[in-house]
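Everything on this sheet refers to the single structure shown next.
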Amino acid sequence: MIDTHSAAPAATVVRRTKRAPSKGWLFILPFLVVFVAFLLAPLLYAGYLSLWTKGLATGTTFAGFDNYTRAFGDPSFRKGLWFVLKFSLVVIPLQIIVALVAALVLDEVTGRLARFSRLVIFLPYAVPVVLGALMWGFLYSPSFGPIEQIATAFDVRAPFLLSQGNIFYGLLNVVTWQWSGYYMIIIYAALRSIDSSIYEAARIDGAGARQIAFRIKVPMVSSALVLILIFSLIGTLQFFTEPQILGPIANGSVTPDFTPNIYAFNLAFRYAQFNYASAISFSLGFVVFLAVAIFMVATRKRGSIFT
Amino acid sequence: MRPRHVGAKLLLLAMCAYFLVPVWWLLVASTKNAEGLFSGSGALWFNGFHLFENLGDLFSFNNGEFLRWLGNSVLYAFAGGAGCTVISVLAGYGFAKFTFRGRNAVFALVLGSVMVPLTALVIPTFVLMSNVGLTDTIWAVILPSLLSPFAVYLMRVYAAASVPDELLDAARIDGAGELRTFVRVALPLMRPGVITVLLLSVVSTWNNFFLPLTMLSSSKLFPLPVGIGLWTQLASSNNAGGQSLWNLIIVGSLVSIVPLIVAFLTLQKYWQGGLAVGSLK
């Protein structure tokens with residue numbers, strides 16, 4: 001494309017490509033305006049804010065990277081970061097396994113049950129995250145949730161899934177429930193687009209259903225799996241809504257520094273520390289970028305599986 | 001071949017049960033009054049039928065606060081979602097069908113922006129908006145909702161796959177301008193993709209929590225998720241009067257999820273195909 005532009009082989013081509021550039025920009029212009037106004041400008045402004053510090057007595061002074069050294073040494077930030085990293089390591093494989101198994105089964109089984117299941121598994125995606133979290137919060141509730149009632153019927157004490165020790169698992173379940181269906185649909189769509197004559201060939205070569213699933217289907221949807229992994233990594237490191245919503249009913253398990261995003265939110269809007277809050281969210285952005293970059297390099301090396 | 005799939009079908013049934021439980025519980029709990037809700041038995045089965053009573057209470061509580069939130073949600077979702085769709089479809093088409101200097105660099109920037117943490121955007125946007133006096137207005141929610149890098153990505157892939165260059169060239173040779181070519185030739189071909197993007201952006205605005213939570217302070221501008229979040233805080237902070245509020249929260253949650261479920265069910269032909277395209281790249 002760029003070659004034709006610079007080499008300019010024939011007169012007609014030159015005229016068309018010369019006319020096209022300005023028109024192309026026109027189509028993108030409205031988006032670019034929004035992009036600059038609500039992404040680039042705020043981001044640069046946050047970067048600027050993070051380099052200053054505001055003291056009661058000293059006023060606003062230039063701090064350089066002091067806020068960043070403070071952030072990475074801040075036990076609150078480190079604790080929150082450790083939590084989301086740990087959470088990602090468990091929740092991402094879990095979601096992908098649930099989504100992949102569901103998609104593989106739905107690709108194999110046909111009929112009314114399969115069609116119904118596909119919709120039901122996807123259903124949580126249509127439920128606002130706030131309400132998804134709230135519904136599970138109700139189900140966990142010791143005063144009117146079924147978990148407690150079932151446990152009482154068997155004369156045992158049910159674990160409160162939002163207590164300090166259990167909230168990791170309580171949230172794990174909420175997130176898996178909310179997002180697996182969306183990922184399932186993406187994998188399912190990729191599976192549907194595989195030419196089924198490949199399966200015939202494999203069957204003739206003596207491959208069973210399991211072998212076809214793991215040796216052919218899974219590798220062939222690997223690009224969809226990579227996409228999902230990256231989405232879910234970015235989303236999980238920015239964990240905010242679910243713990244924020246479950247906070248009031250979790251009896252203090254959700255601390256103001258529970259995740260980096262919650263910490264930055266509280267710093268900014270509870271304590272009006274916009275400078276330090278900006279530094280915290282930039283540090284988080286740096287970690288997200290690093291995690292995605294590491295993941296991309298790691299998957300590219302194993303070119304035989306992920307390409 | 002039947003017996004081979006028995007295991008698979010049992011697995012599907014188990015999955016359906018898991019994914020339906022919260023919604024089922026919500027449906028059942030919406031029909032109970034406060035007494036039935038806290039009676040301590042049979043959370044997953046009906047106990048009296050008070051759905052219409054609860055709905056009445058919901059819409060009249062605090063001078064019809066809930067109805068107002070519902071209206072706000074509809075306004076934000078449609079203004080933000082429709083605007084976002086128009087902008088993203090134009091941009092996706094522009095990226096897919098024109099070559100110009102800097103295209104790849106700009107597109108890489110757009111894709112990379114998906115990694116920016118929400119707080120890194122919302123905090124400075126809040127400060128900038130409050131400088132121009134826009135915080136606590138509907139614009140503080142609608143304007144930032146117009147931005148969706150993922151929608152642009154989806155539309156670029158979709159336009160590249162569904163609109164042949166030859167067709168565009170033919171229209172141009174016939175003397176159609178670029179806008180006319182886009183509206184008459186490209187847009188009809190991209191329809192399923194457009195509907196997918198519209199649905200996804202309406203849903204993400206409808207579900208948005210963080211942005212309105214920070215931008216709005218007067219409760220009469222709240223959308224549903226923020227309003228229900230407010231009720232939850234009220235209900236859990238005062239345990240005595242909180243019981244009846246839990247009923248409202250539950251039936252209010254049901255009312256908030258029904259429109260989206262209906263939208264997804266009726267439009268499933270479109271989004272299933274549309275989502276597929278995004279993953280094939």
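The values are calculated or read from the model by the stated rules, or taken from the named source; none is laboratory data. These numbers were taken from a predicted model, which means no experiment stands behind them. Positions of Cβ are generated from backbone atoms using ideal geometry, with glycine treated the same way; all protein chains shown enter the neighbour counts. Accessible surface areas use protein heavy atoms only, side chains included; no ligands, DNA or RNA. Shrake-Rupley method; radii C 1.70, N 1.55, O 1.52, S 1.80 Å.
Are any of the residues in segment A:153-162 touching a residue at least 24 places away in the same chain (Cβ under 8 Å), closer than 24 Å to A:G235 by Cα and assigned to a helix (DSSP H, G or I)? Among the residues of segment A:153-162, not one is touching a residue at least 24 places away in the same chain (Cβ under 8 Å), closer than 24 Å to A:G235 by Cα and assigned to a helix (DSSP H, G or I), which makes the answer no. For the condition modelled with pLDDT under 90, out of contact with any Gly (no Cβ under 7 Å at 6 or more places or on another chain) and within 12 Å of another protein chain (Cβ to nearest Cβ), A:G145 qualifies. Do the conditions hold for A:D257, that is, is it modelled with pLDDT of 90 or more, open to solvent by 20 Å² or more (accessible area, probe 1.4 Å) and of a type in the set (D, E, K, R)? The answer is yes for A:D257. Among the residues of segment A:52-70, is there at least one that is aliphatic (A, V, I, L, M) and modelled with pLDDT of 90 or more? Within segment A:52-70, not a single residue is aliphatic (A, V, I, L, M) and modelled with pLDDT of 90 or more.
Does A:I150 satisfy the condition of being under 26 Å from B:T266 (Cα atoms), among the hydrophobic types (A, V, I, L, M, F, W, C) and either open to solvent by 10 Å² or more (accessible area, probe 1.4 Å) or within 11 Å of chain B (Cβ to nearest Cβ) (or both)? Before the answer, list the steps.
Values: under 26 Å from B:T266 (Cα atoms): no; among the hydrophobic types (A, V, I, L, M, F, W, C): yes; either open to solvent by 10 Å² or more (accessible area, probe 1.4 Å) or within 11 Å of chain B (Cβ to nearest Cβ) (or both): yes.
Judged against the criteria, A:I150 is not a match.
Would you please name the residue that is farthest from B:I138 (Cα to Cα), looking only at residues in segment B:48-80 that are surrounded by fewer than 23 Cβ atoms within 10 Å (Cβ to Cβ), of a type in the set (G, A, S) and touching a residue at least 12 places away in the same chain (Cβ under 8 Å)? Restricting to residues being surrounded by fewer than 23 Cβ atoms within 10 Å (Cβ to Cβ), of a type in the set (G, A, S) and touching a residue at least 12 places away in the same chain (Cβ under 8 Å), the top hit is B:G48. Taking segment A:33-54 as the range and being over 14 Å from A:S281 (Cβ atoms) and open to solvent by less than 30 Å² (accessible area, probe 1.4 Å) as the test, the residues that pass are A:V34, A:F35. Would you check if A:Y169 is under 27 Å from the mean Cα position of the chain (by Cα), more than 9 Å from every other protein chain (Cβ to nearest Cβ), open to solvent by 10 Å² or more (accessible area, probe 1.4 Å) and free of Cβ contacts under 8 Å to residues at least 12 places away in the same chain? In short, yes. Being more than 30 Å from A:I262 (Cβ to Cβ) and within 11 Å of chain B (Cβ to nearest Cβ) holds for only one residue in A:L191, A:L227, and it is A:L191. If you go through segment A:98-113 and pick out every residue that is β-branched (V, I, T), over 16 Å from A:Q211 (Cα atoms) and within 7 Å of another protein chain (Cβ to nearest Cβ), you end up with 1.
Can you tell me which residue is modelled with the lowest pLDDT among those in segment B:223-244 that are assigned to a loop (DSSP other than H, G, I, E, B) and over 16 Å from B:L58 (Cα atoms)? Per the criteria, the residue is B:A240. Residues that are farther than 30 Å from B:E178 by Cα, surrounded by fewer than 19 Cβ atoms within 10 Å (Cβ to Cβ), without any contact (Cβ under 8 Å) to a residue 12 or more places away in the chain and more than 8 Å from every other protein chain (Cβ to nearest Cβ): does segment B:104-119 have at least one? Checked against the condition, which is being farther than 30 Å from B:E178 by Cα, surrounded by fewer than 19 Cβ atoms within 10 Å (Cβ to Cβ), without any contact (Cβ under 8 Å) to a residue 12 or more places away in the chain and more than 8 Å from every other protein chain (Cβ to nearest Cβ), segment B:104-119 yields no hits at all.
Reported count of residues in segment B:98-153, each being over 16 Å from B:L216 (Cα atoms), out of contact with any Cys (no Cβ under 7 Å at 6 or more places or on another chain) and of a type in the set (G, A, S), is 6.
Please determine whether any residue of segment B:40-62 is within 7 Å of another protein chain (Cβ to nearest Cβ) and either in a helix (DSSP H, G or I) or of a type outside the set (A, V, I, L, M, F, W, C) (or both). Steps first, answer last, please.
Residues of segment B:40-62 that are within 7 Å of another protein chain (Cβ to nearest Cβ), as a first pass: B:40-41, B:43-44.
Right, trim to either in a helix (DSSP H, G or I) or of a type outside the set (A, V, I, L, M, F, W, C) (or both) and you get B:40-41.
Yes, segment B:40-62 has at least one match.
Here is a check on your reading of the model: is B:F182 under 30 Å from B:A34 (Cα atoms) and either surrounded by 21 or more Cβ atoms within 10 Å (Cβ to Cβ) or within 11 Å of another protein chain (Cβ to nearest Cβ) (or both)? The answer is no for B:F182.
The condition of being modelled with pLDDT of 90 or more and not hydroxyl-bearing (S, T, Y) holds for only one of B:L55, B:L44, B:L51, B:L67, that being B:L67. All conditions but one from (1) under 30 Å from B:I195 (Cα atoms); (2) polar (S, T, N, Q); (3) buried (at least 20 other Cβ atoms within 10 Å of the Cβ) apply to B:T99; the one that does not is (3).
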